[in-house]
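The values are calculated or read from the model by the stated rules, or taken from the named source; none is laboratory data. Predicted model, so just to flag it, every value in this text is computed and none were measured. Note that each Cβ is placed from the backbone with ideal geometry, even for glycine, and that neighbours are counted across all protein chains shown. These accessible areas exclude ligands, DNA and RNA; they are computed on the full protein's heavy atoms, side chains included. Shrake-Rupley method; radii C 1.70, N 1.55, O 1.52, S 1.80 Å.
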Amino acid sequence: MTMTDNNQNHGQDMIRVESLMKSFTLHNQGGVTLPVLEDVSFTVAQGECVILAGQSGAGKSTLLRSLYANYLPQSGQVLIRHDGELVDLVSAAPHVVLDIRARTLGYVSQFLRVIPRVGTIDLVADSLLARGINEVAAREKAATLLSRLRIPESLWSLPPATFSGGEQQRVNIAMTLVQDYPVLLLDEPTASLDVENRQTVVDLINEARQNGSAIVGIFHDQAVREAVGTRTYELQPARSAA
Amino acid sequence: MMALRDNGPLLEVEGLTQKYGHQIGCEDVHFSLYPGEVLGIVGESGSGKSTLLRCASGLMQPTAGTVRFDTRVDGLQDIYALSEAERRMLMRTDWGIIFQNARDGLRMNVSAGANVGERLMAVGERHYGSIRDVSSEWLEKVEMDLGRMDDLPRTFSGGMQQRLQIARNLVTKPRLVFMDEPTSGLDVSVQARLLDLVRGLVRQLGIACIIVTHDLGVVRLLSDRLMVMRRGRVVEQGLTDQVLDDPQHAYTQLLVSSILPV
């Protein structure tokens with residue numbers, strides 16, 4: 001694994017990954033074990049955007065999901081700075097992980113998954129309301145972001161189920177970026193966007209970074225990588241076969 | 001839903017076991033629930049999830065183990081060590097139970113408004129006008145037509161009965177609500193609306209919730225944490241999305257891979 005550094009003003013460490021190992025055991029397919037991550041360690045500071053690189057199957061998405069505690073690593077630590085302290089997501093109690101996700105750690109997945117029949121603007125404002133922000137302020141912030149992402153106002157009250165792929169992806173991005181998370185994980189947030197919208201998302205990511213967020217992302221588009229990344233972390237496919 | 005929690009758990013279940021003769025209902029179940037948290041319990045029929053819910057909600061004394069609840073006055077108390085009267089009071093004030101079958105949770109021969117008002121009277125509210133006001137406020141919250149307030153619940157559709165049950169339970173602002181398959185008898189279109197309603201109310205009021213269901217879609221959308229049961233035992237528990245996206249146990253893997261795509 002190699003790291004290339006493009007010089008950046010380094011702030012406090014926000015993510016520290018230490019000796020992370022992750023494999024999948026498929027109990028219903030003869031108990032075969034697939035090793036994916038072996039001994040992964042790196043840190044990400046405030047104001048950095050680290051691009052995960054590596055060929056298909058190298059474990060980029062698995063690593064990103066492990067950083068969100070969506071996947072459960074077998075060993076190692078994922079330390080996230082939450083309220084000033086590094087907390088290990090791998091061993092933290094569920095209610096602690098939930099609190100970290102609510103206030104510190106944001107994640108943009110590749111696909112939108114939401115409660116059916118809820119209007120777009122309500123979905124975007126939802127996480128703000130959950131944090132106790134009043135409804136007017138939350139909806140205003142959601143509206144500003146939806147406008148910037150060029151979701152027509154006529155669609156705001158509609159659930160996103162019938163939207164185009166690109167529109168759904170922008171709603172997905174808005175649902176996370178409506179908060180100012182200190183740590184952001186991005187899984188291909190620009191994959192199905194046109195040039196104009198891709199630029200808007202690049203601008204939003206750079207603004208978050210300049211405001212001090214620590215970002216880790218997977219981007220397949222070379223232009224986007226160059227526009228947002230401050231550093232690359234290259235993953236090698238795990239070698240040991242079970 | 002996710003305010004910072006320095007405080008301890010609201011409910012603590014330890015070594016909970018229920019046997020029916022030689023049959024095991026549930027065995028050696030442990031979990032803690034924090035204020036505002038939503039816990040889903042899934043498993044196939046006969047896995048012990050309803051038994052667990054009944055024992056944890058004070059409806060059935062377990063064979064072994066303890067269920068402790070953070071009472072407002074005395075802190076964590078074993079609910080089965082309380083007197084019958086104390087336990088009933090707890091169930092009327094701090095707890096709500098929403099049954100799969102609305103007939104188990106509603107009084108079918110009194111009006112919708114009275115079903116809600118009755119819970120208020122049980123906690124000492126006596127003024128008729130204010131009981132009626134609060135009741136109608138709650139019927140509106142669960143999106144019931146106020147024109148039906150004086151009708152009997154047996155004239156309602158399944159979805160309306162379920163919403164009435166929710167209003168009846170939440171009117172006393174409980175801190176913990178138990179739900180047994182709350183959406184299973186309903187049309188898919190009604191389910192979605194009910195889920196959104198439950199989610200909104202649970203969050204606005206900061207209620208902790210335990211939901212038993214066999215529908216993994218329901219827990220994905222509603223619950224923060226998930227417990228998977230099989231043959232009376234908990235085989236896996238953790239964050240809902242972690243258990244569903246990276247299941248560790250063979251049975252959970254089978255359950256998740258058996259979901260039919262739409």
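Below are the figures for this structure:
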item	result
Heavy-atom accessible area order for B:L82, B:L52, largest first, 1.4 Å probe	B:L82, B:L52
Value at 222 nm in deg cm²/dmol, rounded to 500, when DSSP H runs of n ≥ 4 in chain A each add -39,500 (n - 2.57)	-10000 deg cm²/dmol
Descending Cα extents along the principal axes, chain A, whole Å	53, 46, 35
Solvent accessible area, Å² - A:L193, 1.4 Å probe, full protein context	10 Å²
Under-5 Å amide H pairs with A:V87, H placed in peptide plane, nonlocal only	A:I80, A:R81, A:H82
Cβ-placed point charges (K, R +1; D, E -1), dipole of segment A:97-240 about Cα centre in debye, nearest 20	300 debye
Area hidden from solvent between B and A (accessible, protein heavy atoms only, 1.4 Å, total, Å²)	2500 Å²
Fully extended contour minus Cα-Cα distance, from B:S184 to B:D74, at 0.36 nm per residue	35.9 nm
Difference of contour (0.36 nm per residue) and Cα-Cα distance, A:V195 to A:D180	2.9 nm
Segment B:102-173 - percent relative contact order, Cα under 8 Å, separation 6 or more	47 percent
Pair A:Q29, B:D150: separation of 7 Å Cα→Cβ label points (nm)	6.5 nm
Förster radius 51 Å - calculated FRET efficiency between B:L205 and B:D28 (Cβ-Cβ, nearest 0.05)	0.95
Cβ-Cβ FRET estimate between B:K173 and A:S157, R0 fixed at 35 Å, reported to 0.05	0.70
Charge dipole magnitude, Cβ of K and R +1, D and E -1 - segment A:110-172, Cα centre, debye nearest 20	160 debye
Local electrostatic count, A:A191, Cβ distance below 10 Å [Lys/Arg +1, Asp/Glu -1]	-2
Positive-end residue of A:I151, A:S164, A:I121, charge dipole of segment A:112-180 with Cβ unit charges	A:S164
Residue-normalised accessible area of segment B:1-143, expressed per residue, 1.4 Å probe, Å²	48 Å²
Shielding by other protein chains, A:89-100, mean Cβ within 10 Å	5
Among A:N172, A:N28, A:N70: highest mean-square fluctuation, GNM of chain A, C-alpha pairs under 10 Å	A:N28
Listed residues B:S157, B:S111, B:S223, most fluctuating in chain B (Gaussian network, C-alpha, under 10 Å)	B:S157
Given charges at beta-carbon only (K, R positive; D, E negative), |dipole| of segment B:102-173 in Debye	240 debye
Accessible carbon and sulfur surface of segment B:159-262 relative to its total accessible area, %, 1.4 Å	52 percent
Extended-chain gain in nm, criterion 0.36 nm per residue less alpha-carbon gap, B:R126 and B:V256	41.8 nm
Theoretical FRET efficiency, 1/(1+(r/R0)^6), r = Cβ-Cβ of A:D221 and A:V136, R0 25 Å, to 0.05	0.10
Within a Gaussian network of chain B (alpha carbon springs, distance under 10 Å), most fluctuating of B:E12, B:E143, B:E86	B:E86
Cα-based shape type of segment B:123-211, given that a ≥ b ≥ c are square roots of the gyration tensor eigenvalues and the cut on a/c is 1.5	oblate
Most to least accessible of B:S257, A:S41 (protein chains only, probe 1.4 Å)	B:S257, A:S41
